[in-house]
Amino acid sequence: MAHIKFLDETMRDGQQSLWGMRMQAGMAAPVAPIIDRTGYSTISFAGSSLFEVLIRHCQEDPWAGLDLVMGAIKQTPVRGGIRSNGSVTFGFTPDALMDLWMQRLCVHGVRSWWIYDVLFNIDKMHRLAKLAKTFDCAVAGTMLFTLSPVHTDEYYADKADKLSALAEVDSLLLYDTGGVLDRDRIKTLVPAIVAKARGKPIEMHANNMLGQSAKTYVDAVEFGVSVLHTAVRPMANGPSIPSIEVMTQNMELLGHTHDIDTSLLAPVAAHFERVGKTAGYLVNQFYEYDITALRHQIPGGMMGTLRAQLVQQNMLDRLPAVLAEVGQVRRELGYPGMATPFAQLVGTLAVLNIVTGKRYSVVPDEVIQYAAGFYGDPVAPIDPNVLDQIMAAPRAKEILATPPPQPSVEELRRQHGGVDDDELILRALVPAADIDRMRAAGPVKQSFPTLSSPELEQVRILMNTATTPYVRLKTEALDLTLRR
């Protein structure tokens, strides 16, 4: 029997997958001290996408929000996530800005990192791992899993060997964004990774897209995984990860031990359920086993975003066509791993192909950069006909002639007016108009009011569905009008 550690993803992947990264600090701060005492090995929280969404959509200062939540976590290491060559944008971020981003999050209290690169640019991952160690951070070298003819056990064993050889990498994270791993693959894949891990712990993260990731975790533990990523039940399942409630129970029934104080789970779950319902966000999700996911392999966080985007364009009925197109585009682009930025690039291309009615008639700049090898070498060759169409795009010649720039921090500071480092990161990554609106909205809110009666719940539902600028609710004891 094994001792299993649990990493909490409630405030990172849970809210990314279900709430589209719109969790404001006041929504989490009231229960952050409870999460801190629960017994998790690490609490995952900080990410660049969260910063962008908070600024642009919630008008909340992400640095102030980070400090509010971090101030409530006293004993458990908090983890940040970082892509080796990009922050916020699906394109490229200069190395100097990536380094500054990591440094500033460490100054604000982050002490653990998962570092990834979908195309496994090990040198860039290593540079960031060495930087993290200057702040005594733990580092998880991440292997993003995807199903394809070229992503074999040998492929991942080779990556595990290269990552575990880095002295700065403390653990290996097997990250199944599409939730497609089953027992047949796990029983060969995980032992192959363990054999090359040099004794370093193996973490497992699987978004529950097919409704099978809890079983995936059980099987993974059998073959050598010792750290599982979970979220409290309202923030788990669906496109999110398995719940801590079911996984602690499963581990106990199998005779394994853990450090989780299960008596502390209920108040955290109740809090996020109330907040999610009040805000109109998804909670308590469950997906059926739909093999369509095996073809498109869209990750959990992106599925929620994709659906929201289609709703905004009154195109949700086209979702099945978009998902089918995603699978085809992915094959034609040489099976890029379905994680940021390539999941978004594949998804964007699929939507454009469906909307325009002419495949590859509109090609985003980042796709041209990918085809040109700016991100690294594709895992498999791009379909020659598709490559020709990409390189025939109007912007192709200009993009090929201008590789991504690498300005220094000093140059960036001069460009953005000599602001401090925290503000420089925001100014370099988010449009100034969005930052100005955020500042005008006032200080970060310390808490988030939740609904306290059935009547108010009905008002929330009406406000979400009504197209008129006001809603009136009238009962024998109440006459209430709300205006937008």
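Does at least one position in the stretch 56-79 carry a residue that is within 13 Å of the chain's Cα centre (by Cα) and over 25 Å from residue 450 (Cα atoms)? Give the steps one after another, and end with the answer.
The first filter runs over the stretch 56-79 and keeps only residues within 13 Å of the chain's Cα centre (by Cα), leaving 79.
Now restrict to residues that are over 25 Å from residue 450 (Cα atoms): 79.
Checked against the condition, which is being within 13 Å of the chain's Cα centre (by Cα) and over 25 Å from residue 450 (Cα atoms), the stretch 56-79 yields at least one hit.
Test each condition in (1) out of contact with any Leu (no Cβ under 9 Å at 6 or more places or on another chain); (2) open to solvent by 10 Å² or more (accessible area, probe 1.4 Å) for residue 396 and report the one that comes out false.
Tallying (1) out of contact with any Leu (no Cβ under 9 Å at 6 or more places or on another chain); (2) open to solvent by 10 Å² or more (accessible area, probe 1.4 Å), residue 396 fails exactly one: (2).
For residues in the stretch 213-227 being in contact (Cβ under 8 Å) with a residue 40 or more places away in the chain and in a loop (DSSP other than H, G, I, E, B), which is most open to solvent (accessible area, probe 1.4 Å)?
Of the stretch 213-227, the ones in contact (Cβ under 8 Å) with a residue 40 or more places away in the chain are 216, 220-221, 225-227.
Checking the rest, the ones that are also in a loop (DSSP other than H, G, I, E, B) come to 225-226.
Working: 225: 4, 226: 34 Å².
Only one residue fits best here, namely 226.
Being open to solvent by less than 10 Å² (accessible area, probe 1.4 Å) and either within 22 Å of the chain's Cα centre (by Cα) or aromatic (Phe, Trp, Tyr) (or both) is the filter here; which residues of the stretch 181-202 pass it?
Those that are open to solvent by less than 10 Å² (accessible area, probe 1.4 Å) and either within 22 Å of the chain's Cα centre (by Cα) or aromatic (Phe, Trp, Tyr) (or both): 181, 202.
What tally of residues in the stretch 6-30 results from selecting those that are in contact with a His (Cβ under 7 Å, 6 or more places away or on another chain) and open to solvent by 10 Å² or more (accessible area, probe 1.4 Å)?
2
Under the condition of being in contact (Cβ under 8 Å) with a residue 40 or more places away in the chain and part of a loop (DSSP other than H, G, I, E, B), which residue from the stretch 399-413 is surrounded by the fewest Cβ atoms within 10 Å (Cβ to Cβ)? Give the derivation first.
Applying the first criterion (in contact (Cβ under 8 Å) with a residue 40 or more places away in the chain) to the stretch 399-413 yields 404-409, 412.
Next, only the ones that are part of a loop (DSSP other than H, G, I, E, B) stay: 404-408.
On the way: 404: 15, 405: 8, 406: 11, 407: 15, 408: 12.
Residue satisfying both the conditions and the ranking: 405.
I want to confirm something. Restricting to the stretch 414-447 and keeping residues that are without any contact (Cβ under 8 Å) to a residue 40 or more places away in the chain and outside any loop (DSSP other than H, G, I, E, B), which single residue is most open to solvent (accessible area, probe 1.4 Å)?
Of everything passing the filter in the stretch 414-447, 414 is most open to solvent (accessible area, probe 1.4 Å).
Which condition breaks for residue 270 when tested against (1) in a helix (DSSP H, G or I); (2) at pLDDT below 95; (3) open to solvent by less than 60 Å² (accessible area, probe 1.4 Å); (4) not aromatic (Phe, Trp, Tyr)?
For residue 270, the exception is condition (2).
Please specify each residue of the stretch 105-136 satisfying the condition of being surrounded by fewer than 23 Cβ atoms within 10 Å (Cβ to Cβ), touching a Lys or Arg at 6+ places or on another chain (Cβ under 6 Å) and over 12 Å from residue 159 (Cβ atoms).
Across the stretch 105-136, there are no qualifying residues.
Name, by its number, the condition in (1) within 22 Å of residue 34 (Cα to Cα); (2) open to solvent by less than 20 Å² (accessible area, probe 1.4 Å) that does not hold for residue 296.
Single failed check for residue 296: (1).
Only residues that are buried (at least 24 other Cβ atoms within 10 Å of the Cβ) and assigned to a loop (DSSP other than H, G, I, E, B): list them for the stretch 240-267, please.
240, 241, 242
Here's the yes/no breakdown for (1) polar (S, T, N, Q); (2) farther than 29 Å from residue 313 by Cβ:
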site	(1), (2)
356	yes, no
377	no, yes
382	no, no
396	no, no
422	no, yes
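Considering only residues that are crowded, with 20+ Cβ neighbours inside 10 Å and part of a helix (DSSP H, G or I), which ones fall in the stretch 69-96?
Residues satisfying the conditions are 69, 70.
Okay, residues lined up against (1) part of a loop (DSSP other than H, G, I, E, B); (2) small (Gly, Ala, Ser); (3) over 24 Å from residue 341 (Cβ atoms); (4) touching a Pro at 6+ places or on another chain (Cβ under 9 Å):
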site: 211; (1), (2), (3), (4): yes, yes, yes, no
site: 229; (1), (2), (3), (4): no, no, no, yes
site: 238; (1), (2), (3), (4): yes, yes, no, no
site: 284; (1), (2), (3), (4): yes, no, yes, yes
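Which residues, taken from the stretch 36-68, are at pLDDT below 95, of a type in the set (S, T, N, Q) and part of a loop (DSSP other than H, G, I, E, B)?
Selection gives nothing.
Give 351, 326, 346 a once-over and let me know the one that is hydrophobic (A, V, I, L, M, F, W, C), within 21 Å of residue 91 (Cα to Cα) and open to solvent by 10 Å² or more (accessible area, probe 1.4 Å). Lay out the reasoning, then the answer.
On the way: 326 fails: open to solvent by 10 Å² or more (accessible area, probe 1.4 Å); 346 fails: open to solvent by 10 Å² or more (accessible area, probe 1.4 Å).
Criteria check complete, one pass: 351.
The values are calculated or read from the model by the stated rules, or taken from the named source; none is laboratory data. Treat the numbers as computed from the prediction; the structure is a model and nothing was measured. No Cβ is skipped: glycine too gets one built from the backbone with ideal geometry, and neighbour counts run over all protein chains shown. Side chains included, ligands, DNA and RNA excluded: accessible areas come from the protein's heavy atoms. Shrake-Rupley method; radii C 1.70, N 1.55, O 1.52, S 1.80 Å.
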